[in-house]
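Below you'll find the structure, written out as structure tokens, and then a few comments.
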Amino acid sequence: MSEVRAEPPQAQWPLYEVFVRGKRGLNHVHVGSLHAADDQMALRHARDVYTRRNEGVSIWVVRSADITASSPDEKDPLFAPSGDKVYRHPTFYDIPADVPHM
Amino acid sequence: MNQTHDANPAHEAGSVYDGLLAGEADGHWAFGTSFEDPLAGVDTTVPEGVDPGDLAGYCLMLGDDALVLSHRLTEWCSNAPDLEEDVALANIALDLLGQARLLLARAAAADPAVVPALPDGSPVPPEDALAFFRDEPHFRNVRLVEAPTGDFAATVTRLFLCACWRLALLERLATSRDQVLAAVAAKGVTEVTYHRDYAARWLVTLAQGTEESRRRTSTALASLWPAVDELFGSHGVEPRMAAAGAGVDPATVRADVDAVVDQVLAAAGLERPQVPAMSGVRDRTGRDGLHTEAFGHLLAEMQAVARAHPMGMW
């Protein structure tokens, strides 16, 4: 409805990933996935499936196919180098007592 | 991290992030809940000038509409075309069941004489007694809600027609002089708005979909349409409740409902069916307790377990 994509008919609706922001949350959190025929239906399905216990105040949906993910094969080159660099944590400073919200 | 956080004097003063931690009793939910009680603090006395018997009868009408439609929708549980629609239909059924519960409880409180007698010491609450121990002639729902569920197209079409009508009623009822009716209506408006949106989207999708989905949708519309006239018929109770400022005469919402229905039918490329209205018997219809054959089967299924255990705790 919102966007027509030129694709051949499929036996199953495409997969969407759902992100919900809770009442007290500052960010949207990935809660799961679902099938829907289009973006608007995905939003409504997400409302029905993932916010029925009063969890959310805002929903994002995105087609799973539109997410670019890192590959498990790249795990070491991507993440291993940061494993031994503890000095990148800002824990080597003394915080003055009068600095709030730290 | 926690230790650092707790040791910080700023914590006691309250930090902006404290709200992220689910406090109170809802910590076990992913995002917190805090459901609101729709009737908390609502005045339950019958307003002056409103006949308690009329108020009870009126609440039974609106409550029975919701209860019976809810039951029809629950017939889809585990049978819907896919998981997401299954949950969507169950959500809608639960919304309606919630409305029915409050309305039947209001009916029982306004006029206890409407509640069927149960054995002494039965723990069944009045709203359950009304739902599960009344016989067919005492149900006041319109006949549209009791029609057999049929296929998905028929379900969506019936839900659409009912939601358009009920939304128009509830919107006006939100200013009822009866505080309970007003509160139930105000809460129901948001629910039924979503039901209408859900059903209207599917109605257009199915009607504009494949040849088969269009055929099924127009067949459903034609078979349900005869029961639409009854939605706007004024039973004796409704005009009296409207005159007392506590109810809505359904005859007065017809123009508004027609406009919405016509708009969606136009988007769906469907015509209003030219079929005669379903007749009553000596002017008696669903509101008078006159129902169709399908309703007896529905009640049997809905009531059998409760009736077998009148002393049961649920």
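Below are the figures for this structure:
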read-out	value
All helices (runs of 4 or more DSSP H) inside segment B:1-107 with 3 or more residues being at pLDDT 90 or above and open to solvent by less than 80 Å² (accessible area, probe 1.4 Å)	B:52-74
Unique match (being without any contact (Cβ under 8 Å) to a residue 24 or more places away in the chain and out of contact with any Ser or Thr (no Cβ under 8 Å at 6 or more places or on another chain)) among A:Arg88, A:Arg63, A:Arg24	A:Arg24
Residue check, B:Leu299 in contact (Cβ under 8 Å) with a residue 24 or more places away in the chain, open to solvent by less than 50 Å² (accessible area, probe 1.4 Å), among the hydrophobic types (A, V, I, L, M, F, W, C) and within 14 Å of another protein chain (Cβ to nearest Cβ)	no
Search result, residues across segment B:168-209 that are among the aromatic types (Phe, Trp, Tyr) and either over 18 Å from the mean Cα position of the chain (by Cα) or open to solvent by 50 Å² or more (accessible area, probe 1.4 Å) (or both)	B:Trp202
Verdict on B:Arg284 being charged (D, E, K, R), open to solvent by 50 Å² or more (accessible area, probe 1.4 Å) and under 24 Å from the mean Cα position of the chain (by Cα)	yes
Cross-chain or 6+ apart pairs with Cβ under 9 Å, segment B:120-143 first and touching a residue at least 60 places away in the same chain (Cβ under 8 Å), then of a type in the set (Phe, Trp, Tyr) and open to solvent by 40 Å² or more (accessible area, probe 1.4 Å)	B:Pro123/B:Trp314; B:Val124/B:Phe132; B:Val124/B:Trp314; B:Asp128/B:Trp314
Which listed residue, of B:Asp262, B:Asp256, is surrounded by fewer than 15 Cβ atoms within 10 Å (Cβ to Cβ), under 18 Å from B:Cys162 (Cβ atoms) and not hydrophobic (A, V, I, L, M, F, W, C)	B:Asp262
Count of residues meeting criterion [within 11 Å of chain A (Cβ to nearest Cβ) and farther than 30 Å from A:His35 by Cα] in segment B:63-114	0
Evaluation of B:Asp229 against (1) closer than 21 Å to B:Ala66 by Cα; (2) open to solvent by less than 70 Å² (accessible area, probe 1.4 Å) (one fails), failing number	(2)
Identity of the residue in segment A:39-69, open to solvent by 70 Å² or more (accessible area, probe 1.4 Å) and under 18 Å from the mean Cα position of the chain (by Cα), that ends up farthest from the other protein chains (Cβ to nearest Cβ)	A:Thr68
B:Leu170 assigned to a helix (DSSP H, G or I) and touching a residue at least 24 places away in the same chain (Cβ under 8 Å)	no
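The values are calculated or read from the model by the stated rules, or taken from the named source; none is laboratory data. The model shown is predicted, which means the values in this text are computed figures rather than measured ones. Using ideal geometry, Cβ is built from the backbone for each residue, glycine included, and neighbour counts are taken over all protein chains shown. Surface areas here come from the heavy atoms of the whole protein model, side chains and all, with no ligands, DNA or RNA. Shrake-Rupley method; radii C 1.70, N 1.55, O 1.52, S 1.80 Å.
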